[in-house]
1. Write out, first by first residue and then by second, each pair whose Cβ atoms fall under 6 Å of each other, whose residues are 6+ apart or on separate chains, and whose first residue, in region 5-16, is assigned to a helix (DSSP H, G or I) while the second is open to solvent by 70 Å² or more (accessible area, probe 1.4 Å).
2. Taking region 17-50 only, how many residues are in a helix (DSSP H, G or I) and either open to solvent by 100 Å² or more (accessible area, probe 1.4 Å) or not β-branched (Val, Ile, Thr) (or both)?
Amino acid sequence: MIIWHWHWNGEFQHRIAATFDVNPGRVNEVLKGRRHPESRALALSRRLAA
């Protein structure tokens, strides 16, 4: 969910990846829905609740 929040706030994928010390491709897979597809819906519901 953190990846989605940072992405929506305009953070670049490579910077998100560097924070977690992972390959930028892993961040892209989350954003494309290939990994952890439920994370977008959870992040969106948490964002709307705030």
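1. Ile16/Trp6
2. Within region 17-50, residues that are in a helix (DSSP H, G or I) and either open to solvent by 100 Å² or more (accessible area, probe 1.4 Å) or not β-branched (Val, Ile, Thr) (or both) number 21.
The values are calculated or read from the model by the stated rules, or taken from the named source; none is laboratory data. Note that the structure is a prediction, hence the values are computed from the model and not measured. Heads up, the Cβs are rebuilt from the backbone with ideal geometry, glycines too, and the neighbour counts pull from every protein chain shown. These area figures cover heavy atoms from the full protein model, side chains too; ligands, DNA and RNA do not enter into them. Shrake-Rupley method; radii C 1.70, N 1.55, O 1.52, S 1.80 Å.
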